[in-house]
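The values are calculated or read from the model by the stated rules, or taken from the named source; none is laboratory data. Worth saying up front: this structure is predicted, and the values here are computed from it rather than measured. We place every Cβ from the backbone using ideal geometry, glycine too, and count neighbours over all the protein chains shown. The protein model used for the area step is the full one, side chains on, heavy atoms only, and it has no ligands, DNA or RNA in it. Shrake-Rupley method; radii C 1.70, N 1.55, O 1.52, S 1.80 Å.
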Amino acid sequence: MAGGGFVAGGGGRSYEGGVTVFVVFTCLAAAMGGLLFGYDLGISGGVTSMESFLSKFFPSVYHKMKNESGGQNQYCKFDSQLLTLFTSCLYIAALVASFFASSVTRKFGRKISMFVAGLVFLMGSVLNGVANNIVLLIIGRLLLGIGVGFANQSVPVYLAEMAPTKIRGALNMGFQMAITIGILVAGLVNFGTAKIKGGYGWRISLALAAVPSLMMTLAAVFLPDTPNSILERGHPEKAKKMLQKIRGTDNVDEEFQDLLNATEVANRVENQWINITQPRYRPQLIICFLVPFFQQLTGINVIMFYAPVLFMTLGFGNEASLMSSVITGGVNVVATLVSIFTVDKFGRRILFLQGGVQMIICQIAVGVMIGKEFGVSGEGSFSKGEANWILFFVCAYVAAFAWSWGPLGWLVPSEICPLEIRSAGQAINVSVNMLFTFLIGQVFLTMLCHLKFGLFFFFAGFVIIMTIFITFFLPETKNVPIEEMNRVWKAHWFWGKYIPDEAVTHGRQDRAV
C-alpha cells in the first residue's frame, strides 16, 4: 500500500516500569551535548558579521561590506571562500571524528565519547578566544569539530537507549532542544558583544563556548552508561541493575531478555561497517543516509549559519540583523517544545509531512519577495513593511523545521538501528550530516551570489522531494521498543522484502501495513 507503511497504534510490546526521575535527569544532562553544536551554529554567523572580526581576519570582505558606492550587488557582498571556510571547516573535522567516535562509543561506552566531546570542544573554544591569526582560528574550529563529531555520535544513541519507549521521542528530542537553546544563547551573546567598544567582542563570543563544553564534560563524568552499552561490553549483572534503576522496577526480565538477545546478535558481528551493507539492513542504511542528507538540504543552515549576514545582505543593518537572528533563535526554541510534546502522541510521520509543506510555502514566499525587490542585479532594498514580512516567513520556516526535520533528523536514525549496527548507523548519520553541513556552509555565499533569489527555490525543490520520500518510505516508529524495530520494517509495503522472518523477534508478526 503506497505511502502507508507501519503505523504503530500501540507500538510493540509494553515493558514494565515507569518514567523515573533518575532517567529524566540523566537524559536531560546528556542532552546538554546539543549545547555544543547549537552554540557553534549560532555564534559563527554573528561573529562573521562583526566589523572588528572581519577587519582583523577577512579584510577584503570588510572593505567590500563598507563599500557604500551605488550599484552594489547585495547578493555578492560577503562572497569569500576563506570566510566560509572559517564556518564550515568545523564540520569536516566532525565528519572525520564521527568515524573514530563510532569505535570509541561501541568499545568504551557512550559516556566516554561524551567526555571526549566536552574536553576537546573546551580546548577549541579557548584557542578561538585567544587567536591572533587565521591559522589559530582554523585550528580552534577543527578542535570544535572533533568535539561536535563525538557529541553527535554518542548523545542521540545514549538518549534512545536510556529512555522508556513511550517517551523516547520526547527525551531524545532533548538533544535538539539543547541545540536550539545553544543557538538562541549564541544570538543573545553576539547581540551583546557586538556593542562592546574596543573591538574584542568577538573574542568573548567565541571563548564563551567553553561554558557548554564544561557542562558536557562534567555531565559525562557523573552520568551512568546505558544498559545496552554495559551489556555490549560483557557485564550482564551490572546492566540488569542499571535497567532496574532507570525503569524504577525490579521486574525488567522481559526487556532485559530482549537486550540480551540483541547483544548476542551484536557480539557475533565482527565488523559493523560490513554488516550494515547486508540486504537485511538496507532500510536502516538508506534512512541513516537520506534523512541527514535531506535535513541539510532543507536550507536551514543558510539561516542558522548566516542569519545576521543574510539579514544584512537584505538591508536590515548590523544591529537589526543580529536582533533578527535572536528572534529566529527564540522561535526555534519554542517550536522545538511543540515537537517534544507532540512527537510521542501524533508520531514522527505527521510532523515530517506538516513541517515539509510549511517550509516549502515559506521558502517560495521568501524567494518571490527577494526576486521582486532585488531582481537579478542585486540592487534594491526592502521597506520596513517588506522586511517584517521577510522576517515573518523566515520565522515560520524556522518553526516548521524546529518541530519536524530538526529534531526528527536526529531521533529517527538513532532509534531504527538494531544494536549490532547501531554505532555504524549513527556514524553514517553524523558523517552525512556533517559532510553536507560543510558543503552547504562552504558554498552558500557563492550560491547566493550566483543563484540570487533562485537559491530559495533551489532548497524548496529539495524539500518537495524529501517530503515525497517520507510519504512513501518512512514507517511510523512511535511507541516501538528499539529492540523490536524490525517489526516495523517487516510490515512496511516496500522495506518488508529485505527483512528475513528470523529477524523479527519473538516470532510475532501481528502488525499490518
query = Roughly how big is the stretch 199-245's charge dipole about its Cα centre, with Cβ charges of +1 (Lys, Arg) and -1 (Asp, Glu), in debye to the nearest 20?
reply = 100
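What does the charge dipole of the stretch 422-513 about its Cα centre add up to, to the nearest 20 debye, if the Cβ of each Lys and Arg holds +1 and the Cβ of each Asp and Glu holds -1?
It comes to approximately 180 debye.
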Largest to smallest accessible area among Glu270, Glu379 [probe 1.4 Å] = Glu270, Glu379
note = Tilt, helix 384-402 to longest principal axis of the chain (alpha-carbon atoms), in degrees rounded to tens, equals 20
ask   = Under a plain spin-label model, where a point goes 7 Å from the Cα along Cα-to-Cβ, how far apart in nm are Asp253 and Ile204?
value = 6.2
ask   = So which aspartates and glutamates pass the test for Lys241, namely a Cα distance under 16 Å, with those fewer than 8 places away in the same chain ruled out?
value = Glu16, Glu161, Asp225, Glu232, Asp250, Asp253, Glu254, Glu255, Asp258
task = Would you list the P(r) distribution for the stretch 143-286, with all Cα-Cα distances sorted into 5 Å bins from 0 and each bin expressed as a whole %?
result = 2, 7, 12, 16, 16, 14, 11, 7, 5, 4, 3, 1, 0
remark   = Expected sort for 412-422, 170-180, 486-496 on mean C-beta neighbours within 10 Å, highest first, is 170-180, 412-422, 486-496
ask   = Rounded to the nearest whole Å², what accessible area per residue is found for the chain with the 1.4 Å probe?
value = 35
query = What does the charge count near Ser154 come to, summing +1 for each Lys or Arg and -1 for each Asp or Glu among other residues with Cβ under 9 Å from its Cβ?
reply = +2
Estimated dipole of the chain in Debye, rounded to 20 [Cβ of Lys and Arg +1, of Asp and Glu -1, Cα centre] = 380
Percent of alpha-carbon pairs separated by more than 16 Å within the stretch 187-237 = 61
key: Kirkwood Rh and Cα Rg combined as Rg/Rh, the stretch 353-454   = 1.10
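Rounded to the nearest percent, how much of the accessible area of the chain (1.4 Å probe, protein heavy atoms only) is carbon and sulfur? Show your work: numbers first, answer last.
On the way: 12230 of 18140 Å².
Here it works out to 67 percent.
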Label-point separation, Phe472 to Ile134 (7 Å along Cα→Cβ), nm = 4.6
ask   = Excluding same-chain residues fewer than 8 positions from Lys372, which aspartates and glutamates have a Cα within less than 13 Å of its Cα?
value = Glu386
